[in-house]
Amino acid sequence: MFQLLALAFSAATIITASSPGDPDFYNTVADIFSGPDCGNDSFVWADPIFGRGGNCQPLDRHDNTPDILSYRPTTIYPDCVVNLYTDSECQSTAYLAEVDQCVQAGIPFVSAFVQCPFSDNL
């Protein structure tokens, strides 16, 4: 009985931890590319953007990503809007990122700003 109860609490924790608006919630997942046109030969990896949104976030959070020259979202949480930027303050031209659409700017993307219904700055 104790094991069943522990399993139920563990499952509830996992579900709660990944709810929209939680800091660790992936609001966007995208394939990132080190070359133009989202070509298979320049695929780097699938990368999440997580959190509540409403703020400028670096795309290379661990300083281990090659220049991101093209970007293709595979999943965006409903009613979230994703814009990519070529500067770290999200002050450059905004490039709208949409599911299954390749986005490129001619220079590397550095940051993203995701606005969701559950974002802090609504």
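The values are calculated or read from the model by the stated rules, or taken from the named source; none is laboratory data. This one's a predicted model, so the numbers in the text were calculated from it and none came from an experiment. Note that we place each Cβ from the backbone using ideal geometry, even for glycine, and neighbour counts take in every protein chain shown. SASA here: full protein model, heavy atoms, side chains in, ligands and nucleic acids out. Shrake-Rupley method; radii C 1.70, N 1.55, O 1.52, S 1.80 Å.
Which of the residues that make up the stretch 32-90 are in contact with a Leu (Cβ under 8 Å, 6 or more places away or on another chain), open to solvent by 30 Å² or more (accessible area, probe 1.4 Å) and closer than 13 Å to V114 by Cβ?
Correct list: V81, N83.
Which of (1) more than 13 Å from T28 (Cβ to Cβ); (2) under 14 Å from the mean Cα position of the chain (by Cα); (3) among the hydroxyl-bearing types (S, T, Y); (4) open to solvent by 50 Å² or more (accessible area, probe 1.4 Å) is the odd one out, the single condition T93 does not satisfy?
T93 satisfies every listed condition except (2).
Just one of (1) at pLDDT 90 or above; (2) open to solvent by 50 Å² or more (accessible area, probe 1.4 Å) trips up L5, so point out which.
Result: L5 fails condition (1) only.
Listed residues D41, D47; which is on the phi < 0 side of the Ramachandran plot, at pLDDT 85 or above and assigned to a strand (DSSP E or B)?
None of the others qualify; the one that does is D47.
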